[in-house]
Amino acid sequence: MIGMLDMTKIFQCLAGAPILVAVALATPAAASTTGGAPLIPEPMVFDMIRPLAAPKGELEANTLALFPLDARGEDIDWAPEIEYAFANGWAAEFELPFDNERLKGYKFALQGTIGTFAAKRGVHGAQAIAVVDKETGRLDTSLLYLVGVRYSQKWSTLTMIGANSPAETPRPGTRRDDALLFNHSLFHDAGKHTVLGVETNLRAGRTSTRWLVMPQVHQHLSKKVMVQAGLGAQKTPMRAAHATAAVRLIKEF
């Protein structure tokens, strides 16, 4: 349970977030799109690089912390990152993934928007991710197709389908654990500043499978500051299904 966690580690992780700054007030709305594309919320755990069709110049810094609730001494995964839309519909990201205080690697990602469809109720694009392992220099790569659909003023979905090639060297006689990725999120705009959602992530590899289901709430604290929080479950190759909590703090500029 949460009372058994080392809360000091959690606070240390969040204290390192670049977005723990004073709340920006009286600023224009941050998240927007170009070309009449629908604005679709971003999943909290497997997030995007700004929304699809983001306009040039949008800048965001955020930090995600993901930690189990059922075992003491478990690693807390957390990652500060920065995202920038360098052209209309195109954005790049740099992230530093950590296990507790240990830096695991360096993540680079690029996202592009293909266009809209269904009378501009839908928008689609692609995302490429590369993570360089800090210790070995090996590369973990992923390529995904993204599609977001706004069904009404209240309801929308975001789906990611792709493949992952892990940063590992197979043992002789074995094959690398390449995997299919499928992530789907359902969102409900519950209010002007509140979004409710359920995110599901699946990595189905040759030799292992991992999944996550994360109900979540996205709450704007101001026009450019948001907190996302969720409580769900995940299954990893080394562990049975277990309760997991997550929080992401976001500052847009």
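The values are calculated or read from the model by the stated rules, or taken from the named source; none is laboratory data. As the structure is a computational prediction, the values presented were derived from the model and not from experiment. For neighbour counting, all protein chains shown are included, and Cβ atoms are generated from backbone atoms with ideal geometry for every residue, glycine included.
Tell me yes or no: at least one residue of segment 106-119 is modelled with pLDDT of 95 or more and among the basic types (Lys, Arg).
yes
Just to be sure I understand, how many residues within segment 186-224 are touching a residue at least 40 places away in the same chain (Cβ under 8 Å), of a type in the set (Lys, Arg) and touching a Phe, Trp or Tyr at 6+ places or on another chain (Cβ under 8 Å)?
Result for segment 186-224: 1.
How many of the residues making up segment 123-160 are within 19 Å of Ala37 (Cβ to Cβ) and hydrophobic (A, V, I, L, M, F, W, C)?
The qualifying residues number 9.
Among the residues of segment 196-208, which ones are at pLDDT below 95 and in a strand (DSSP E or B)? Show your work before the answer.
Of segment 196-208, the ones at pLDDT below 95 are 205-208.
Matches in segment 196-208: Gly205 only.
Out of segment 145-155, which residues are within 15 Å of Pro51 (Cβ to Cβ) and either hydrophobic (A, V, I, L, M, F, W, C) or free of Cβ contacts under 8 Å to residues at least 12 places away in the same chain (or both)? It would help to see each step written out before you state the result.
Going through segment 145-155, the residues within 15 Å of Pro51 (Cβ to Cβ) turn out to be 146-150.
Correct list: Leu146, Val147, Val149.
Which one is surrounded by the fewest Cβ atoms within 10 Å (Cβ to Cβ), of the residues in segment 225-239 that are of a type outside the set (A, V, I, L, M) and at pLDDT 95 or above?
Step by step, filter segment 225-239, then rank; the result is Gly232.
Does segment 170-181 contain any residue that is exposed (fewer than 15 other Cβ atoms within 10 Å of the Cβ) and closer than 29 Å to Lys251 by Cβ?
No, the conditions are met nowhere in segment 170-181.
State which residue is nearest to the chain's Cα centre (by Cα) when the search covers only segment 156-173 and only residues that are assigned to a loop (DSSP other than H, G, I, E, B) and in contact (Cβ under 8 Å) with a residue 12 or more places away in the chain. Break it down stepwise before answering.
If we filter segment 156-173 for residues that are assigned to a loop (DSSP other than H, G, I, E, B), which is where we start, we get 166-173.
Filter once more, keeping what is in contact (Cβ under 8 Å) with a residue 12 or more places away in the chain: 166-169.
Numbers: Pro166: 18, Ala167: 20, Glu168: 23, Thr169: 26 Å.
It comes out as Pro166.
State which residue is surrounded by the most Cβ atoms within 10 Å (Cβ to Cβ) when the search covers only segment 41-89 and only residues that are acidic (Asp, Glu) and under 16 Å from the mean Cα position of the chain (by Cα).
Of the residues in segment 41-89, the ones acidic (Asp, Glu) are 42, 47, 58, 60, 70, 74-75, 77, 81, 83.
Adding the requirement that they be under 16 Å from the mean Cα position of the chain (by Cα) leaves 42, 47, 60, 77, 81, 83.
Details: Glu42: 27, Asp47: 21, Glu60: 25, Asp77: 19, Glu81: 22, Glu83: 24.
It comes out as Glu42.
What residue, of Val217, Val247, is in a strand (DSSP E or B), of a type in the set (A, V, I, L, M, F, W, C), under 18 Å from the mean Cα position of the chain (by Cα) and crowded, with 16+ Cβ neighbours inside 10 Å? Before the answer, list the steps.
Numbers: Val217 fails: crowded, with 16+ Cβ neighbours inside 10 Å.
Unique residue meeting the criteria: Val247.
Restricting to segment 113-141, count the residues that are in contact (Cβ under 8 Å) with a residue 24 or more places away in the chain, touching a strand residue (DSSP E or B) at 6+ places or on another chain (Cβ under 7 Å) and either buried (at least 18 other Cβ atoms within 10 Å of the Cβ) or more than 22 Å from Pro41 (Cβ to Cβ) (or both).
Selection size over segment 113-141: 14.
Looking at segment 34-112, what strands (runs of 3 or more DSSP E) fall wholly within it and have at least 1 residues that are touching a residue at least 60 places away in the same chain (Cβ under 8 Å), in contact with a strand residue (DSSP E or B) (Cβ under 9 Å, 6 or more places away or on another chain) and charged (D, E, K, R)?
Of the strands (runs of 3 or more DSSP E) lying wholly inside segment 34-112, those with at least 1 residues that are touching a residue at least 60 places away in the same chain (Cβ under 8 Å), in contact with a strand residue (DSSP E or B) (Cβ under 9 Å, 6 or more places away or on another chain) and charged (D, E, K, R) span 59-68.
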